[in-house]
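Below you'll find the structure, written out as structure tokens, and then a few comments.
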Amino acid sequence: MRKIRAAAFIGAAALLVTGCSSGGGGGGGGGDGAASGTGDIDIWLSNNEQELAWGKSVVDAWNAEHPDEQVKAQEIPAASSSEEAITAAITAGTAPCLVFNIAPAAVSGWVRQGGLVDLSSLEGADDYITERGGDVESYQTDGAFYQLPWKSNPVMVMYNKELFSNAGLNADDPQMNTHEAFMEGARALVDSGVQSAIWPSPTSEFYQPWFDFYPFYLAETDGTMLVEDGKATFDSDAGKTVADFWAAMYEEGLAPQEKSTDDAMSAGTTAMQLAGPWAIPSYAETVDVGFMPVPTSDGRENPKTFADSKSVSMFTSCENQGTAWEFLKFATSEESDGVLLEETGQMPMRTGLKDAYPDYFSANPNYVAFADQAENTADVPSIPNSVEAWQAFRDEYSASVIFGKESTADFLKNAAEKIDGLVSE
């Protein structure tokens, strides 16, 4: 059983620490013939059970048809900081050819480090990426694709139906689509004896805003990213609306200021969490869960949310980039994406998702809401010093919103100034 905290970390971090270069490349470069090189390659996969099963099936299918271009998949070792480990691997030339489950926020830093292959330089790559994914220009860095947008986990509000019913709320249609209604429902839950209404992690990791402030901000602004056109966007009326909402949740004790010591959903100590479709199988045997869109101040229909997408990148230490590109297309084909959907319940980032897999969604109606939501998402901006920018935001947010040490107006102003400086470097 994966815990919410672990899943959020896996969803946010790029998840890689060690590995070996494919074909013996080192020093961060694959050589002049790398782009057309063919032969054996190594890849890294996320270490959760469902994705490993998907990876094994795709690799086995490829290897059966390509005896001279074998793919070796490695489970991702545990690490406290995957981004730092990948950076070190790039420097040492020990990254694999492909990494599945890359966090888009980390890509720009690795591009500047010279660690990622410009996929747009490969024949037909731009057409393939855009035909598969649709409107994916926001995943470009300096006008080029250094990542293939692979899958998304649209963030929605997951709730415990039993606890909602016990609190007198309608478990099938909670009607909590406005900030005011959400807070009223949260108060009813706590009054009924639940320890917390909702329990986002209050810890300081750079990616934590993706599971509290950012989905609400995207919903409130119809998809305005944290940074656009080189400037922070959130020091605004919409940003203050969201910040004030969360500050009130903490001030009233509806969201705890301390980290949960267990899986709060399974333990019944929280009634709600922000989660993606991975949560459905994770809680199938422990909690009867429902899902609703992220609320907005005015209760608008079909609000945007955070995509929590993951990409695939190719590393410059790869000497057999020709094989790596062909395998990447194989692993993101309509057939392979269908296997990913079946094995993990996560949404492949391809156009016409429900039309492509009607049998799956007919047999798994709980996932339809996420397929619909997947059409209405936004992601993190592709900016310089992305991780540092998110960390600066988190530090200011924590001090103000979670712990009440400064006003929300000061938080927004200070965080925006810090981020403007970081993205202009």
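The values are calculated or read from the model by the stated rules, or taken from the named source; none is laboratory data. Just so you know, these numbers come straight off a predicted model, no measurement behind them. No Cβ is skipped: glycine too gets one built from the backbone with ideal geometry, and neighbour counts run over all protein chains shown.
Reported count of residues in the stretch 167-179, each being within 29 Å of the chain's Cα centre (by Cα) and loosely packed, with under 14 Cβ neighbours inside 10 Å, is 3.
Residues in the stretch 342-377 that are under 23 Å from residue 136 (Cα atoms), in a helix (DSSP H, G or I) and either outside the structural domain of residue 58 (by TED's automatic domain parsing) or not charged (D, E, K, R) (or both): 344, 353, 356, 367, 368, 369, 370, 371, 373, 374.
Have a look at 206, 216, 211 and point out the one that is assigned by TED's automatic domain parsing to the domain that holds residue 416, over 20 Å from residue 292 (Cβ atoms) and touching a helix residue (DSSP H, G or I) at 6+ places or on another chain (Cβ under 7 Å). Before the answer, list the steps.
Working: 216 fails: over 20 Å from residue 292 (Cβ atoms); 211 fails: over 20 Å from residue 292 (Cβ atoms).
None of the others qualify; the one that does is 206.
Scanning the stretch 329-340 for residues that are over 20 Å from residue 126 (Cβ atoms) and surrounded by fewer than 17 Cβ atoms within 10 Å (Cβ to Cβ) yields a total of 2.
All of (1) of a type outside the set (A, V, I, L, M, F, W, C); (2) surrounded by fewer than 22 Cβ atoms within 10 Å (Cβ to Cβ); (3) more than 23 Å from residue 42 (Cα to Cα) hold for residue 305 with one exception: (2). All conditions but one from (1) crowded, with 22+ Cβ neighbours inside 10 Å; (2) modelled with pLDDT of 95 or more; (3) over 22 Å from residue 288 (Cα atoms) apply to residue 186; the one that does not is (3).
Applying a threshold of 7 Å to beta carbon distances and a minimum spacing of six or more residues, or different chains, the list of pairs starting in the stretch 285-301 at a residue that is on the phi < 0 side of the Ramachandran plot and ending at one that is at pLDDT below 95 and of a type outside the set (S, T, N, Q) reads 289/279; 289/283; 291/369. Every residue in the stretch 341-351 that is surrounded by fewer than 20 Cβ atoms within 10 Å (Cβ to Cβ) and farther than 18 Å from residue 329 by Cβ, please. Once the filter is applied, which keeps residues that are surrounded by fewer than 20 Cβ atoms within 10 Å (Cβ to Cβ) and farther than 18 Å from residue 329 by Cβ, the stretch 341-351 yields 342, 343. Polar (S, T, N, Q), touching a Phe, Trp or Tyr at 6+ places or on another chain (Cβ under 7 Å), crowded, with 23+ Cβ neighbours inside 10 Å and at pLDDT below 95: does that describe residue 101? Spelling it out, it is not the case that residue 101 is polar (S, T, N, Q), touching a Phe, Trp or Tyr at 6+ places or on another chain (Cβ under 7 Å), crowded, with 23+ Cβ neighbours inside 10 Å and at pLDDT below 95. Screening residue 231 against (1) more than 16 Å from residue 199 (Cβ to Cβ); (2) in contact with a Ser or Thr (Cβ under 7 Å, 6 or more places away or on another chain); (3) of a type outside the set (Asp, Glu) leaves a single unmet condition, (2).
Pull up the stretch 222-239, narrow it to residues that are at positive phi and of a type outside the set (Asp, Glu), then point me to the one that is nearest to the chain's Cα centre (by Cα).
In this case the residue turns out to be 223.
In this structure, residue 410 does not qualify as touching a residue at least 24 places away in the same chain (Cβ under 8 Å), among the acidic types (Asp, Glu) and in a helix (DSSP H, G or I).
Exactly one residue out of 336, 362 is within 30 Å of residue 93 (Cβ to Cβ) and either among the charged types (D, E, K, R) or out of contact with any Asp or Glu (no Cβ under 9 Å at 6 or more places or on another chain) (or both): that is 336.
Among the residues making up the stretch 52-67, a single one is within 19 Å of the chain's Cα centre (by Cα) and over 17 Å from residue 333 (Cβ atoms): 52. Just one residue in the set 223, 193, 239 is modelled with pLDDT of 95 or more and buried (at least 20 other Cβ atoms within 10 Å of the Cβ); that residue is 239.
When the test is whether a residue is basic (Lys, Arg) and either assigned by TED's automatic domain parsing to the domain that holds residue 355 or within 19 Å of residue 259 (Cβ to Cβ) (or both), residue 405 passes it. Cβ separations smaller than 9 Å between residues 6+ apart or across chains give the following pairs from the stretch 50-78 residues that are more than 17 Å from residue 97 (Cα to Cα) to residues that are assigned to a strand (DSSP E or B) and modelled with pLDDT of 95 or more: 52/73. The set of residues in the stretch 300-337 that are in a loop (DSSP other than H, G, I, E, B) and over 20 Å from residue 277 (Cβ atoms) comprises 300, 301, 316, 317, 318, 319, 320, 333. Number of residues in the stretch 264-288 that are closer than 22 Å to residue 375 by Cβ and in contact with a strand residue (DSSP E or B) (Cβ under 8 Å, 6 or more places away or on another chain): the value is 6.
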